[in-house]
Every structure is written in C-alpha cells, then in structure tokens.
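All of the numbers you see were taken from the coordinates with simple rules; none came from a lab. Because the structure is a prediction, the values reported are computed rather than measured. Note that we place each Cβ from the backbone using ideal geometry, even for glycine, and neighbour counts take in every protein chain shown.
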C-alpha cells in the first residue's frame with residue numbers, strides 16, 4: 001500500500017518521527033515530543049523566488065509581480081463566508097501565524113488544547129482560497145505598512161544592500177514582500193494562478209510536532225484533504241554569473257553608528273540534495289571556525305576596537321543561490337573589509353589548526369541538538385530540510401561526517417576576494 | 001510556588017525548576033542592586049568588562065574557547081529590570097549530560113560562573129585599564145544606538161515622558177556622562193561591594209536529581225565570598241491613574257511613524273483585578289483576535305502591527321503601532337475608541353472566550369521553554385511572590401465579562417508619544 005507509514009529514528013539525537021504519504025498527495029510527518037505545546041506547520045514549497053514558472057507540458061512560462069507569494073500568504077486568512085481565520089482559531093485557543101521565505105510559505109499554529117480541531121482549521125483554510133478584488137485591495141495598505149516598517153529596519157536594509165551588491169540578476173536580491181509599487185499590480189487572478197500552481201498537495205508538506213496521536217492526524221487529513229492531481233512545477237531563476245554586481249553598496253539611515261555586512265558569493269551549487277547538505281554542513285562549521293569569537297579574526301578586530309559585538313556569520317545554501325556572510329557594527333567598515341581580505345589570503349597559506357576545526361564542529365552539533373527542545377523549531381527546520389530534498393536527521397549525520405580536510409577545501413574554494421562585496425548602513429549626514 | 005530551595009550563604013539561595021524534558025538546561029544567577037542611574041551605568045559597564053577576561057581566562061578568546069569545549073555552553077551577562085527592581089544577571093545554558101560524553105558539565109559550568117564573576121582580572125584593586133577603556137567606548141556606542149530600533153525608541157521615549165519623576169524611567173543602559181567618569185578602580189569597588197552586599201538568587205532549570213549536585217558545586221564556589229548582606233526593601237511606585245493625557249511628538253527621518261501610548265492601570269500582580277485586567281488587555285490588543293488587530297489593522301488597513309501589553313509590576317499598559325505619519329490622528333482616535341469599547345463592555349461572548357482561550361494557551365506553554373520559565377520565576381523569587389502559571393490560569397478562567405469591563409475602566413491614557421517621519425519617500 002502506498003500510504004503506509006515509516007518510522008525514522010536517530011539514536012544520536014534520541015528522537016524519532018514517522019512519514020506517511022497521504023492519498024491526497026500530501027507528505028505527512030509526525031514528530032513525537034512529550035511537551036505541553038503541540039505545533040503544526042503546513043507549508044508549500046513556494047517562496048518569493050518563484051516568480052517565473054510553468055507546469056510540465058505547458059509551453060510558456062508565467063511571470064508574476066514581486067512579493068506575490070507573501071501577499072498570497074496574507075490573503076489565505078480570509079474565507080468565503082467572511083469569517084477571519086484568526087476568529088476560527090480563537091475558539092480552540094491556538095496561537096496561529098504564517099510566514100513567507102525565499103523558498104517556502106508556511107502556515108502554523110501552536111496550542112496546548114484542542115489540537116485536532118485546530119489542525120482541521122489549518123488544513124481547511126489553506127486548501128480553500130477565496131480572493132475578491134475588494135479584499136485584495138484592502139490588504140495593500142497593511143502590506144505597504146509592513147514594507148515600510150522594514151524600510152526603517154537597519155538589519156533588513158543591510159541584508160538587502162548586501163544581496164543587491166552581490167547579485168546581478170538573481171531575484172534573491174528582491175525583498176520577500178516586494179515593493180509598494182509591485183504589490184499594487186497584484187490581482188485576484190494572479191493570486192489564483194499562483195495558488196493553483198503551488199498549493200498542490202504534491203508540492204506541500206505537513207509537519208506535526210508534539211504529544212499527538214498519528215492516526216488521528218491521518219483521520220483529519222482524510223476528512224479535509226481532497227486529492228491533488230500529480231504535478232511537476234518547473235521554476236526558472238535568472239542565471240547568475242560568478243562575479244559580484246558591485247564591490248560595495250550603502251544606504252543612509254537614522255542609525256548612530258555604521259553597520260556592515262560582508263558577503264562571499266558562491267555559484268557552484270550541486271543539483272544533488274545530499275551534496276548540497278554536505279556543503280551546507282561544511283559551510284556552517286567553517287563560519288564558526290573563521291568568524292566565531294574564538295577566531296583570530298574576531299579577536300584582532302575586537303582588540304583593535306573595529307567591532308564591538310558579535311559577528312553574525314552564516315552560510316546560506318539553497319537550490320539556486322549560495323553565499324557566506326557576516327555582519328556587525330563598526331565605526332570603520334572599510335577597515336573591516338580590508339582586514340577580511342587579508343584574512344582570506346592568510347588562512348589559505350596557514351589554515352586554522354585541527355583542534356579549532358574539531359571545536360567548531362562540536363559547537364555546531366551542540367547547537368543543533370538544542371533545536372530539539374522546541375516543537376516550533378523542530379517543525380520549521382524539519383520542513384525546510386524536506387523541501388531541500390533531505391531530512392533533519394541527515395543534517396546531524398552530515399555535520400558528524402565533515403572532515404578537517406573538507407572544511408579547509410571549502411574555505412579555500414569559496415573564499416575568493418573577487419567574489420566579495422561589502423554593504424554598509426551609514427548614519428544620516 | 002514551592003520550588004525546591006537551598007541556602008548557600010547569607011542572602012544567597014538556589015532554587016530548582018524541575019524538568020527532565022530539556023536537552024539544554026540552565027543556571028541563572030541574579031544579583032539585586034538598588035535602582036539608580038549610577039548603578040545602572042556601572043552594572044552595564046561591569047557586565048561587559050567581566051566578559052572580556054578573568055584571571056583564569058584572560059581574554060574573550062579563552063573564555064569562549066572553554067565554553068565551546070563545554071559543548072557550546074552559553075555564558076552571558078546582562079542587566080535586567082522588573083518593575084523598579086534591578087539585577088545584574090549571569091545566564092548560562094548547557095547540554096544535558098546525555099550529550100556531553102562523560103564531561104562533568106554542572107561542575108564545569110559552576111566553575112565558569114565562579115571564574116568570570118568572582119575572579120576577574122585586577123591589579124592594585126582596579127580592573128584592567130584597557131578593558132575598561134574599550135568597554136566604556138562600546139557601551140557609549142550602544143547607548144547611542146538605541147535610536148536604531150525605532151519602535152523600541154518610541155516606547156522608551158514614551159516611558160521617559162510618562163514616568164519622568166519615577167525611577168522606572170531610568171535608561172536600561174545608563175547615562176553617558178556618568179559612564180565617562182567611571183574609573184577602573186571605582187568599577188572594581190562597585191563589583192566587590194555588589195558581591196558582598198547584594199542579594200543573590202540562583203535558579204537551576206533541569207533534572208531535579210542533579211539539584212543537590214548544583215547546590216554542592218555552588219556552595220564550593222560561593223562559600224568563600226565575604227558577605228555583609230543587607231536586604232533591600234522591595235518597592236515599586238504605583239500610580240492609579242493619569243492626571244491628564246499628554247501628547248508628545250518628535251520627528252526623525254524615517255518612513256513609518258511609530259506610535260506608543262502609555263497608560264496607567266494601577267493594577268499589579270497582587271491586585272484582585274489582575275486576572276480581569278489581563279483578560280481585558282487580551283480583548284483589547286493582546287492577540288490577532290483583539291479589537292486593535294481586527295479593527296485598526298484588518299478593517300481600517302492603518303498598520304501592520306498594533307498591539308497592547310501590560311506591565312503588571314508597575315501597573316502600566318502600552319499600545320504600540322507603526323503607521324503612516326499622516327494617519328496619526330485617525331490611528332490614535334481609533335485606538336482610544338477601541339479602549340472605550342472594552343471599558344463599556346462592548347465585546348461579544350466570542351471575543352471574551354477567545355481572549356481567555358488564548359491566555360490559557362500561553363500560560364500552559366510556559367513549562368515548555370527554559371527561557372519562559374526563567375522569565376516567569378526569577379523576578380517572582382526576588383519579590384517573594386507565589387503565583388505560578390497554573391494559579392494565574394485559574395484566576396483568568398474565573399473572570400467574568402463584567403469583571404473584565406470593570407478592570408478596563410481602571411485604564412487611563414497618560415502619554416501619547418509619536419515619532420513622526422519627516423521623510424516623504426523611501
């Protein structure tokens with residue numbers, strides 16, 4: 001039978017979950033946790049990057065306005081009978097929300113009681129779109145305020161300045177919510193088109209985490225979900241050269257002290273999910289090793305008064321884009337950039353010692369274990385791994401498997417001065 | 001609230017929040033200080049200087065290296081406030097022994113706390129000159145950077161104006177001119193004086209079977225500490241209502257205006273109306289089902305966020321919203337109109353029940369997070385208050401609609417602060 005459930009265990013993490021292919025086409029994951037709060041995440045593999053797409057067999061690609069995935073997320077909360085979804089949840093006491101990322105739109109709730117009633121609401125409203133010209137227009141004011149809120153947020157602005165400097169074509173540089181102009185083009189027709197393409201259950205997944213009964217979860221799926229037709233979505237992203245668009249970029253904002261972010265663009269992205277995961281694990285360890293508080297780089301910048309707080313370093317690795325970045329506050333971002341370029345050369349000739357690598361790896365593993373204390377973190381990490389074609393337990397295995405040589409190799413290939421950009425947020429003059 | 005408790009020394013006690021379900025456990029230590037601007041400034045500087053290095057681990061790199069060795073243990077220092085009480089805190093978190101391959105993690109963590117807090121780098125009765133100098137600069141920059149987060153800035157300005165002559169309004173980070181004058185010797189005296197006189201509460205969250213071990217390790221490290229403990233009176237000035245509404249507007253070059261309304265409730269944790277006020281706040285602006293969300297955002301499309309929250313120690317309520325600057329009057333009136341509706345009892349059974357359900361959900365969730373548990377219990381341990389999330393849940397579920405409306409009538413708007421955007425376009 002196609003819809004049998006499979007149990008997957010990790011002895012290392014002392015955790016387990018079950019996978020079940022529901023007859024509707026939906027993959028259902030139940031992750032048992034003995035906590036008071038249960039959490040459900042119902043998501044589609046559809047984010048702000050997916051602006052050009054077609055179904056297999058279709059001749060032409062469809063192009064839609066920037067910010068539409070996020071707009072759609074907002075509009076899903078309205079129902080045909082006029083009832084707001086939050087009002088439906090209010091009866092169960094669940095705390096509900098939703099978010100849109102580059103590659104995923106997710107609807108969620110957490111609750112301590114009435115889990116199955118809330119799950120029914122979740123599956124129901126996400127599978128029943130209802131948009132009219134009037135309700136779509138009404139949302140423009142709200143989302144415009146969301147966009148303008150982020151326009152004043154130095155961290156968000158810094159991030160997009162950096163992406164804008166690094167990327168010539170790729171739409172990762174476009175704000176997830178779009179712009180006040182782009183969202184004014186959104187119509188109910190566009191929303192239905194995106195909905196019908198991406199909210200196909202074969203392109204979605206449900207992760208439930210908590211002290212829940214799997215069979216009851218499947219019963220709710222049986223009750224609410226109608227089978228989706230098989231589908232293959234073809235997404236097209238603009239091709240991106242290895243070279244950065246510009247060496248530096250900046251914006252002036254009402255801040256007290258400059259903020260900086262340095263990014264290293266990487267265009268070598270494997271089509272194989274396992275390969276990508278391996279690289280991600282490597283990149284995560286390398287970021288900790290090279291920019292963490294125990295690194296010589298951090299120590300020198302701090303001692304010299306060039307930075308004050310942490311350097312938040314991370315490796316973003318996706319099916320269509322990949323980069324290393326770190327950011328912080330500094331009164332002299334250009335000097336930090338200079339020091340960074342020197343550091344790249346230096347670690348290529350004298351790489352960090354083996355024990356620094358081992359420590360970084362230990363830290364990444366320990367950080368990862370910490371995720372499993374929260375049903376919320378588990379479910380969100382869970383589905384982002386699923387949509388990347390791997391599983392959450394694979395990541396722990398990938399981290400454990402990274403060798404010192406692989407980490408050094410990663411650093412040597414990815415860190416190239418010519419693929420670096422510096423972004424700054426400067427105080428108003 | 002009957003937490004297992006153990007006296008380590010005069011004015012130093014450890015409590016246990018027993019839970020065996022977490023992979024990451026914690027030990028948090030709070031030292032109470034009288035709330036005045038000198039103490040706030042010194043405590044902030046102190047947390048930074050202590051984290052720079054101690055005798056055993058003389059720089060950031062060596063402290064962090066040891067923490068990394070301890071399976072990515074966290075050790076952070078900070079200054080915290082609850083009502084008008086003020087604490088310097090040391091927060092640690094660490095993996096349960098299930099994952100630490102035989103490492104005696106509890107001993108190691110308590111040792112770290114001891115090294116960083118009790119054995120700082122000193123010479124001739126003063127802290128390291130260079131560390132104090134650079135951290136003064138960093139703290140001064142941080143005080144300046146409070147303008148970076150516009151919503152928080154507006155809220156802080158609202159508090160400053162509303163509680164002008166109350167210590168509640170003192171800056172969280174301290175004062176730059178006081179900071180400028182602090183010498184390494186004075187900071188060192190401040191530190192050892194605090195360790196000698198301050199009340200110290202330690203909270204362990206983890207498997208109860210290790211609490212004895214935690215206490216034994218803490219006793220070993222803290223028993224040598226010279227103590228002259230004097231209990232501080234636990235006070236917080238509460239004003240029951242505002243004299244009149246004051247509107248204050250400031251301009252900044254920003255896209256979105258930030259509105260922050262401060263109100264007096266006079267209702268604190270020990271007040272019999274507290275449960276009713278919490279329900280009233282939830283109906284008014286505490287969730288996506290609230291009047292503020294449903295009307296000011298959903299119906300009027302005026303904002304992306306508009307919500308209310310309580311400070312039940314000081315007896316205050318705050319409303320925060322991000323709006324188009326030209327909509328100030330409309331938004332302000334819409335918010336006050338919704339408040340009047342709650343006061344008049346104009347809410348449906350459904351609105352009332354959803355508010356209670358949502359609160360029940362949040363109180364039941366507290367036990368699922370180490371940080372939520374700490375945030376709940378730590379200030380209550382200091383204040384000697386007995387309420388738990390469970391007792392609060394009972395209070396809230398016994399509230400009637402009439403109770404909620406009655407409690408809402410005790411809310412009086414005091415300061416309406418608006419940070420107006422002076423820029424037309426992004």
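Can you give the FRET efficiency to the nearest 0.05 for residue A:16 and residue B:175, using r as the Cβ-Cβ distance and R₀ = 60 Å?
0.65
Sort B:115, A:181 by Cβ crowding within 10 Å, fewest neighbours at the top.
Details: B:115 20, A:181 10.
By the 10 Å Cβ count, ascending, the order reads A:181, B:115.
Going by how many other beta carbons lie within 10 Å of each one, how would you line up B:373, A:383, fewest first?
Final ranking by Cβ density, sparse to dense: B:373, A:383.
How many angstrom lie between the C-alpha centres of the range B:229-279 and the range A:289-321?
Taking the Cα centre of the range A:289-321 as reference, the centre of the range B:229-279 is 39 Å away.
Rounded to the nearest 10 degrees, what's the angle between the helix A:154-166 long axis and the longest principal axis of chain A, both from Cα atoms, 0 to 90?
70
Please grab the % of Cα pairs in the range B:201-314 that end up more than 25 Å from each other. Intermediate results must be reported in sequence, preceding the final value.
Details: 3593 of 6441 pairs.
More than 25 Å apart: 56 percent of the Cα pairs in the range B:201-314.
Below 8 Å, C-alpha to C-alpha, sequence gap of six or more: please give me the relative contact order for chain B in percent.
21
For a bin width of 10 Å, list the pair-distance distribution of chain A built from all Cα-Cα distances, rounded to whole %.
It works out to 4, 19, 28, 27, 16, 5, 0, in whole percents.
Counting partner chain Cβ atoms within 10 Å of every residue's Cβ in B:300-306, what's the average?
5
If I stretch the segment between residue B:3 and residue B:124 completely, what's the gain in nm (0.36 nm per residue apart, minus their alpha carbon distance), one decimal?
On the way: separation 121, 0.36 × 121 = 43.56 nm, distance 4.20 nm.
Residue separation times 0.36 nm, minus the Cα-Cα distance, leaves 39.4 nm.
For the range A:12-110, what does the relative contact order come out to in percent, with C-alpha contacts under 8 Å and a separation of six or more?
After rounding, I find 30 percent.
Taking every eigenvalue of the Cα gyration tensor of the range A:248-427, multiplying by 5 and rooting it, what semi-axes result, largest first, whole Å?
Sorted largest first and rounded, they come to 28, 19, 17 Å.
Between the range A:161-190 and the range B:143-198, how far is it from one alpha carbon centroid to the other, in angstrom?
Here the answer is 41 Å between Cα centres.
Run a plain Debye calculation on the range B:5-222 (Cα atoms as equal point scatterers, no solvent) and give log10 I(q)/I(0) at q = 0.14, 0.18 Å⁻¹, rounded to two decimals, same order as the q list.
-0.92, -1.33
Rounded, prolate or oblate: which fits chain B, taking a ≥ b ≥ c as square roots of the Cα gyration tensor eigenvalues, rounded meaning a/c under 1.5, else prolate when a/b beats b/c?
Because a/c hits 1.5 or more and a/b exceeds b/c, chain B counts as prolate.
Percentage of Cα-Cα pair distances in the protein assembly as shown greater than 43 Å, rounded to whole percent?
32
For peptide B:396-408, compute the average count of partner chain beta-carbon atoms within 10 Å of each residue's beta-carbon.
Per residue, the average neighbour count from other chains is 0.
Using helices alone, I'd like the mean residue ellipticity at 222 nm for chain A: each DSSP H run of four-plus residues gives -39500 (n - 2.57), total over residue count, nearest 500.
-13000 deg cm²/dmol
Given labels modelled 7 Å from the Cα in the Cβ direction, how far is it in nm from residue B:383 to residue A:234?
The modelled label-to-label distance comes out at 6.4 nm.
More than 18 Å apart: what percent of Cα pairs in the range B:92-171 qualify? Present the calculation step by step, with values, prior to reporting the outcome.
On the way: 2182 of 3160 pairs.
So the portion of pairs separated by more than 18 Å is 69 percent.
How long is the range B:5-114 along each principal axis, judged by its Cα atoms, biggest number first, in Å?
Dimensions of the range B:5-114 along the principal axes of its Cα atoms: 46, 34, 23 Å.
Take A:335, A:271, B:299, A:279 and order them by how many other Cβ atoms sit within 10 Å, fewest up front. Each step should come with its number before you reach the end.
Numbers: A:335 14, A:271 8, B:299 11, A:279 23.
Lowest to highest Cβ neighbour count: A:271, B:299, A:335, A:279.
May I ask you to give the average projected area over all directions of the convex hull of the Cα atoms of the range B:262-319, in nm² rounded to one decimal?
3.7
Report the equivalent ellipsoid semi-axes for the range A:100-233 in whole Å, largest first, defined as the square roots of five times the eigenvalues of the gyration tensor built from alpha carbon atoms. Walk me through the intermediate numbers first.
On the way: eigenvalues 205, 71, 56 Å².
Taking √(5λ) for each Cα gyration eigenvalue gives 32, 19, 17 Å.
Provide a whole-number value for the mean count of partner chain Cβ atoms within 10 Å of the Cβ atoms in peptide A:414-423. Can you show the working numbers first?
Details: counts 0, 0, 0, 0, 0, 0, 0, 0, 0, 0.
Mean inter-chain Cβ contacts per residue within 10 Å come to 0.
Grab the DSSP H runs of chain B that are 4 residues or longer, score each as -39,500 (n - 2.57), total them, divide by all residues and round the 222 nm result to the nearest 500 deg cm²/dmol.
-12500 deg cm²/dmol
Tell me, what is the percent relative contact order of chain A, built from C-alpha pairs under 8 Å that lie six or more residues apart?
Answer for chain A is 21 percent.
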